[in-house]
């Protein structure tokens with residue numbers, strides 16, 4: 001096994017492109033995602049304001065919109081058709097329409113009918129824009145109502161109305177760095193690992209160099225051959241993941257709330273599962289290009305179908321089956337529980353065991369297919 005292990009490391013060292021895939025590519029991925037998401041939450045999203053009232057009330061709304069960190073007023077337009085042109089050109093993400101007589105309606109106890117329009121084609125951005133607009137308009141409305149009460153000399157009346165307290169748990173900052181980066185980095189790292197393993201397995205078992213490879217360790221068990229080839233990639237990408245985890249928790253301050261050891265074990269099992277999957281697929285397809293394509297489909301869909309960015313609960317049956325067939329889905333649950341929520345370690349035993357099941361399943365399939373390779377079966 002160790003002879004195969006050192007041979008694989010030597011091949012990596014002597015191949016510029018293979019070495020780049022396990023060193024430069026992960027580094028660039030991490031730098032890119034850290035740079036893109038380090039701000040945390042979206043800021044200065046452009047909107048258009050249509051002020052047809054030109055009152056103290058509308059000016060207060062505009063001041064509140066300007067003071068909202070998530071928003072930035074891109075333009076002021078006199079009518080909605082002109083404002084909609086900015087939306088259609090994707091120059092802005094929302095429009096606030098303050099109709100004529102808005103302040104007068106408010107002073108007479110009627111609804112000012114402030115309207116907001118957001119581009120729901122970009123759901124995440126639209127939610128942020130809508131929240132900022134609603135907060136700004138609500139604050140301006142309360143201020144105007146309080147001013148009216150003072151002008152009329154009406155004594156303040158205290159109402160004990162039922163209230164709903166909404167508390168944001170686990171990510172109160174609504175930070176994309178905590179919400180998305182931990183999943184995106186690992187999703188891309190395990191995709192890179194699977195592609196590297198597919199190319200390595202294809203090089204030694206598909207392209208005709210099997211006998212040369214076996215001469216390195218003639219008579220070695222198939223298990224030793226396979227583990228020796230996969231171990232360098234599992235170790236390298238696990239180290240990259242560990243360094244990035246240190247960056248996030250130790251430098252960026254996103255402290256791991258649960259069990260660090262269980263999280264690290266989950267990462268290693270995740271990379272092992274996808275390495276074994278890539279081995280299985282390439283040996284089954286008996287073609288590197290076909291194997292790489294199937295690996296890209298399976299590993300590349302992890303982030304979308306793991307229930308992280310889009311919910312899978314209540315989704316169509318195929319979506320739920322595909323989601324549960326991905327090791328990344330189990331890892332996403334484990335990471336959420338142990339990094340963000342701080343669940344008891346017993347809670348994460350189930351996803352950890354599922355990851356272990358994927359490792360065992362793909363290992364058995366890989367060994368079965370490996371032993372069916374003619375040169376390998378002759379040497380055993």
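Here, each number is a calculation from the coordinates, and none is a lab measurement. Keep in mind the model is a prediction, meaning the values are calculated, not measured. Cβ placement follows ideal geometry from the backbone for every residue including glycine, while neighbour counts extend to all protein chains displayed.
Before moving on, here are some points about what is shown:
- Cβ crowding within 10 Å averaged over residues, with 287-299, 108-120 ranked highest first: 287-299, 108-120
- Within region 257-380, the proportion of Cα pairs with more than 27 Å between them is 25 percent.
- Here the label points at residue 3 and residue 364, each 7 Å from Cα along the C-beta direction, are separated by 3.0 nm in the simple model.
- If the chain linking residue 317 and residue 293 were pulled fully straight, counting 0.36 nm for each residue of separation and taking away their Cα-Cα distance, it would gain 6.2 nm.
- DSSP beta bridges confined to the chain are antiparallel in about 25 percent of cases.
- In terms of packing, defined here as the mean over residues of other Cβ atoms within 10 angstrom, the peptides 345-356, 13-24 line up highest first as 345-356, 13-24.
- Ordered by the count of other Cβ atoms within 10 Å of each Cβ, fewest first, 226, 1, 262 give 1, 262, 226.
- Rg to Rh quotient for region 45-152, alpha carbon positions, Kirkwood Rh: 0.98
- The chain: radius of gyration over Cα atoms, expressed as a fraction of 2.2 N^0.38 Å: 1.34
- Between residue 242 and residue 301, residue separation times 0.36 nm minus the direct Cα-Cα distance comes to 19.0 nm.
- Residue 224-residue 36 FRET efficiency (beta carbon distance; Förster radius 51 Å; 0.05 resolution): 0.75
- What separates the Cα centres of region 245-277 and region 300-375 is a distance of 15 Å.
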